[in-house]
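These notes are about the structure you will find just below.
The values are calculated or read from the model by the stated rules, or taken from the named source; none is laboratory data. None of these values were measured; they are calculated from a predicted model. In this analysis, Cβ positions are derived from the backbone assuming ideal geometry, glycine residues included, and neighbour counts consider all displayed protein chains.
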Amino acid sequence: MNFKANTMSYVFACALCFVSLGLNAQVQSSVDSTQIKIGQEIKFKIQVEADTTDLVVFPEGQTFSPLEMIESYKVDTTKKDAKYQLIKTYGLTQFDSGRYVIPKQKVIIGSQTHFTDSLLVEVRNVEVDTTKQGLYDIKPFIEVEKSSSSKWKLILGILAGLALLAFLLYWFIWRKKPLTEEAKIALLPPYDRAKLALKKLDESTYLENAALKDYYSELTFIIRKYLDEKVYDKSLESTTDELISRLNLLNDANQIDLSTEDIRNIETILKRADLVKFAKSAPDIELAKLDRETIDVEIDHVKEALPEPTEEEKLLDQQYKEEQERKKKRRKVILTICIAAFVIIATFVGFGMKYGFAYVKDTIIGHESKELLEGNWVYSEYGVPPIMISTPKVLKRIEVPIPEELKDKVNVTAFAYGSVLDMFSITVSTTFYDNANSGEEQQQIDLNVVADAAIRQLEQNGVTDIITKSEQFITPNAAEGYKTFGTAQFPMLSKDNLVSGNYAIFQFLADNKTVLQQITITWTKDDTYAEQTVERIINSIELKKAEEE
């Protein structure tokens, strides 16, 4: 082998891997028939004998290509001595005639990986006697309504919930509600409210029913309430003597300008009301009406006696009203925020309990690996002979530097997404070595040397603390190769800030071991979405032999 280690470091790129172990096991496979008609079902059985403590994982998904799995039956379990016998049955079919090989299937028992034997089946055409079978015209196209995606239903549900929440907040908090009769009265100035109260007192039936106690209670409350708001703020709770004493004091201090007669009239009516309420006095109805007229006049006199508010007092009153309005608006904002926060938290907890808090968080905030896993995947062929693989993004062609002395002997085609400096990367390359024109004997590639060169290339890119493992790898379509995998520290953010990650390198030989096909994957450690992405990629790897000229 003429490949030198430093030369191979230029040619072959690297990355990280998935663990797959395989040793001795009791795994058998069989089919109920090796010959079927097109569309007929073949029952493919995998029989496993394992300890009762072992976890057995059977293949899932379309791993039987070129045959198509149409049904996966439940596992039939029986216990024999200290072991379990498990039988897993799959329904397979094919809609094109020909001879097909059911590829080796991977079965995991405990920590060990096992593979079934590949089986050959024949799919035959269905013979149709057109002389006995009637022919019919081709049916016209029927327009089928496209079913809506469940994702759109979820989005519409969330938008509907937000709209409902916004409507409820507006209706109960921000909407200007129609004022009740009491609220409209409360907004009137004290003088207008007092006059309106007197008018309502006239409309009452107290005097008709001789309910003088109730009548005088209402009448004195009106004058006391007005005085409480405009003259003395303890008028409602003061006795008659205390109130009259305060009015005389304020009048002497020139804070109000009431005449002695006005104060005497108010005192007379208040004392008469006290006699009616507490001494069961019963004045004449006409006298009660006269007292009502007197109170009406005295309210006017009190209003005239009050000094006009100064500009400073008006400004303070305006500022007070504005401050009250701001406080009211602030309470609405705080209440809205609290309700919205409660709804958001409750929604997060509800979805978190159902789908997992990490998944909900990553869905709302966003997660690069999750977006790759749930995005639109691409299944394509790369290189010649082609490597068929499914990836979350289309791989773009990249240039691989080749030393001048090897350019005539080595031809490399490579396709990649990302690099070892990213959170996730994949590189697919095909290397063809040709020294026939130089007169040298055609050399075969040694995968051990190539794997060592790939590890050194990782080190040159700043990767440290590389732990390496290797084993045989078999693709779903039974192509055998070599896998190098392990963990390392990657300079994903900067060369001074290393991140723990995984790598896997899959290498295959073609054309009498003169063509190297290589797949390199790197991803961060403890990333569930990246693990699922890598597993999906690995399960999709298929190799096709180059066509002979």
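Annotations
- Of all residues in the stretch 256-271, those being surrounded by 15 or more Cβ atoms within 10 Å (Cβ to Cβ) and out of contact with any Asp or Glu (no Cβ under 7 Å at 6 or more places or on another chain) number 5.
- Failed condition for Ile158, given (1) at pLDDT 90 or above; (2) part of a helix (DSSP H, G or I): (1)
- If the condition is being within 18 Å of Glu293 (Cα to Cα) and not in a helix (DSSP H, G or I), then the stretch 256-280 contributes Leu258, Ser259.
- Those strands (runs of 3 or more DSSP E) lying entirely in the stretch 384-456 with at least 3 residues modelled with pLDDT under 80, surrounded by fewer than 18 Cβ atoms within 10 Å (Cβ to Cβ) and β-branched (Val, Ile, Thr): none
- Members of the stretch 62-86 that are surrounded by fewer than 16 Cβ atoms within 10 Å (Cβ to Cβ) and not in a loop (DSSP other than H, G, I, E, B): Glu68, Ile70, Glu71, Ser72, Asp76, Thr77, Thr78, Lys79, Lys80, Lys83, Gln85
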